[in-house]
Amino acid sequence: MTCLFCAVPQERIITTNERAYAIRDGFPVTPLHTLIIPKRHAVDYFELTKEELLACDELIKKIQQDIKAEDAMVDGFNIGMNVGLSAGQTVFHCHIHLIPRRTGDVENPRGGVRHTIPGKGFY
């Protein structure tokens with residue numbers, strides 16, 4: 001079976017560099033939710049080389065600026081990865097979620113990514 005992220009159509013790619021590319025998420029959590037994906041097939045974050053990490057980081061920062069320029073309502077971001085089946089990974093090619101946030105998009109954002117385990121977000 002072909003890896004979903006090893007066979008992304010060129011027209012979906014919004015930006016790229018030598019070792020990584022970015023696409024909008026097919027099932028966005030918020031508008032402009034973007035995935036940053038290393039070009040080399042690596043199952044997860046822990047398989048990335050230093051060069052791939054730097055390439056992904058470069059795109060995260062570029063896309064963050066692009067999103068803020070496109071939507072002035074964006075005033076926060078969640079950055080996350082799922083590593084392993086128990087963490088919710090469904091596509092086993094490393095990808096980083098850059099999720100734009102806007103004031104009021106949820107009633108109480110306190111805890112952010114801590115909400116991946118229900119009941120653990122608020123402290």
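Just so you know, all these numbers are worked out from the coordinates, no wet-lab data involved. Predicted model only: the values in this text are computed from it and were never measured. Reconstructed Cβ throughout: ideal geometry from the backbone, glycine too, with neighbour counts over all protein chains shown.
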With respect to the numbered conditions (1) surrounded by 15 or more Cβ atoms within 10 Å (Cβ to Cβ); (2) of a type in the set (Asp, Glu); (3) under 18 Å from THR16 (Cα atoms), which one is the sole condition not fulfilled by ASP44? (3)
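Determine whether PHE77 is within 19 Å of THR15 (Cα to Cα), of a type in the set (Phe, Trp, Tyr) and touching a Lys or Arg at 6+ places or on another chain (Cβ under 9 Å).
On the way: within 19 Å of THR15 (Cα to Cα): yes; of a type in the set (Phe, Trp, Tyr): yes; touching a Lys or Arg at 6+ places or on another chain (Cβ under 9 Å): yes.
For PHE77, the condition - within 19 Å of THR15 (Cα to Cα), of a type in the set (Phe, Trp, Tyr) and touching a Lys or Arg at 6+ places or on another chain (Cβ under 9 Å) - is met.
Can you spot a residue in the range 106-121 that is charged (D, E, K, R) and surrounded by 16 or more Cβ atoms within 10 Å (Cβ to Cβ)? Show your work before the answer.
Residues of the range 106-121 charged (D, E, K, R): 107, 110, 114, 120.
Still in the running and surrounded by 16 or more Cβ atoms within 10 Å (Cβ to Cβ): none.
Within the range 106-121, not a single residue is charged (D, E, K, R) and surrounded by 16 or more Cβ atoms within 10 Å (Cβ to Cβ).
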Does ARG12 meet the test of being without any contact (Cβ under 8 Å) to a residue 60 or more places away in the chain, surrounded by fewer than 16 Cβ atoms within 10 Å (Cβ to Cβ), closer than 18 Å to ASP66 by Cβ and in contact with a His (Cβ under 8 Å, 6 or more places away or on another chain)? no
Quick one: would you say LEU4 is buried (at least 16 other Cβ atoms within 10 Å of the Cβ) and either touching a residue at least 40 places away in the same chain (Cβ under 8 Å) or closer than 17 Å to ARG101 by Cβ (or both)? no
Looking at (1) surrounded by 12 or more Cβ atoms within 10 Å (Cβ to Cβ); (2) over 18 Å from VAL8 (Cα atoms); (3) in contact with a strand residue (DSSP E or B) (Cβ under 7 Å, 6 or more places away or on another chain); (4) β-branched (Val, Ile, Thr), which one does THR103 not meet, given that it meets all the others? (1)
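Just to check your reading of the model, which residue among LEU53, LEU59, LEU32 is under 20 Å from GLN89 (Cα atoms) and among the aliphatic types (A, V, I, L, M)?
On the way: LEU59 fails: under 20 Å from GLN89 (Cα atoms); LEU32 fails: under 20 Å from GLN89 (Cα atoms).
LEU53 is the lone residue from the list that is under 20 Å from GLN89 (Cα atoms) and among the aliphatic types (A, V, I, L, M).
May I ask you to list the residues in the range 47-59 that are surrounded by fewer than 17 Cβ atoms within 10 Å (Cβ to Cβ), under 16 Å from THR16 (Cα atoms) and of a type outside the set (Asp, Glu)? Let's see the steps before the verdict.
Within the range 47-59, the first condition is being surrounded by fewer than 17 Cβ atoms within 10 Å (Cβ to Cβ), and the residues that meet it are 47, 49-51, 53-54, 57-58.
Checking which are under 16 Å from THR16 (Cα atoms) leaves us with 51, 53-54, 57-58.
Scanning the range 47-59 gives LEU53, LEU54.
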